[in-house]
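Structure first, commentary second.
The values are calculated or read from the model by the stated rules, or taken from the named source; none is laboratory data. These numbers come from a predicted model, not from an experiment. Positions of Cβ are backbone-derived with ideal geometry, glycine not excepted, and every protein chain shown enters the neighbour counts. With ligands, DNA and RNA removed, areas are computed over all heavy atoms of the protein, side chains included. Shrake-Rupley method; radii C 1.70, N 1.55, O 1.52, S 1.80 Å.
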Amino acid sequence: IGERVWDISRGIDALETFGGLDLNHIVCLGNSGGGTAAYYAAAMDERIFLAVPSCSVSSYRDSIGAIHHCPCNYLPGALKWFDMGEIACLIAPRKLLVAAGKKDEIFPIDGVRKVYSVIESVYKKENAEENVRLIETEKDHWFCDDLIWPAVNKIIKG
């Protein structure tokens with residue numbers, strides 16, 4: 001995951017060399033491993049205006065810690081100190097839109113809701129509750145562009 005986050009930051013560096021781009025509204029989004037990368041990248045790179053992790057934010061115990069899964073979505077030993085919700089401390093008060101499928105077997109919705117309650121409390125402490133949102137879809141492990149893109153556009157347009 002560290003390499004993926006590094007790649008995202010280097011991609012943003014490259015964007016800074018182009019003209020005509022609005023670098024104040026960089027959006028980083030992805031589904032599954034891409035969502036994990038977007039979430040961690042936003043924690044590490046303050047140039048990301050809006051992070052949109054889809055089917056990737058859940059408690060470690062309920063998701064990738066409970067199934068056989070590649071280690072690409074987990075920081076080894078992280079659960080000794082924090083769970084995924086606490087990472088929001090590094091993102092808040094910037095904008096965060098978490099998407100999750102109610103039928104997702106990899107990132108079960110109960111684990112998503114547990115972690116999201118922590119994320120909400122982080123944003124509340126930052127007086128930025130309006131900058132965080134959870135979209136629950138009726139699907140499984142799927143990027144629901146019909147719900148996500150309208151929400152992204154609304155956030156960008158303010």
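Things to note:
- Selection within the range 41-65 - in contact with a strand residue (DSSP E or B) (Cβ under 9 Å, 6 or more places away or on another chain) and at pLDDT 95 or above: Ala41, Ala42, Ala43, Asp45, Arg47, Ile48, Phe49, Leu50, Ala51, Val52, Pro53, Ser54
Listed here are the residues, each with its yes/no results for (1) over 26 Å from Gly2 (Cβ atoms); (2) in contact (Cβ under 8 Å) with a residue 60 or more places away in the chain.
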| site | (1), (2) |
| --- | --- |
| Ser56 | no, no |
| Tyr74 | no, yes |
| Lys95 | no, yes |
| Val122 | no, no |
| Glu126 | no, no |
| Glu136 | yes, no |
| Leu147 | yes, no |
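- Output for the range 1-17, where each listed residue is among the polar types (S, T, N, Q) and either in contact with an Asp or Glu (Cβ under 9 Å, 6 or more places away or on another chain) or in contact (Cβ under 8 Å) with a residue 12 or more places away in the chain (or both): Ser9
- Of residues in the range 75-86 being open to solvent by 10 Å² or more (accessible area, probe 1.4 Å) and under 21 Å from Asn131 (Cβ atoms), the one farthest from the chain's Cα centre (by Cα): Phe82
- Taking the criterion of being more than 14 Å from the chain's Cα centre (by Cα), in contact (Cβ under 8 Å) with a residue 40 or more places away in the chain and not in a helix (DSSP H, G or I), the residues of the range 102-120 that qualify are Asp104, Ile106, Pro108.
Every residue, every condition in (1) surrounded by 17 or more Cβ atoms within 10 Å (Cβ to Cβ); (2) under 12 Å from Ser54 (Cβ atoms); (3) modelled with pLDDT of 95 or more, yes or no:
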position	(1), (2), (3)
Leu90	no, no, yes
Val98	yes, yes, yes
Lys102	no, no, yes
Gly111	yes, no, no
Val115	yes, no, yes
Tyr123	yes, no, yes
Ala128	no, no, yes
Ile135	no, yes, yes
Trp149	no, yes, yes
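- Taking the listed residues Arg10, Arg4, the one that is touching a Phe, Trp or Tyr at 6+ places or on another chain (Cβ under 9 Å) and farther than 19 Å from Trp149 by Cα is Arg4, with no other qualifying.
- In the range 8-58, the residues that are part of a loop (DSSP other than H, G, I, E, B), open to solvent by less than 10 Å² (accessible area, probe 1.4 Å) and among the β-branched types (Val, Ile, Thr): Val57
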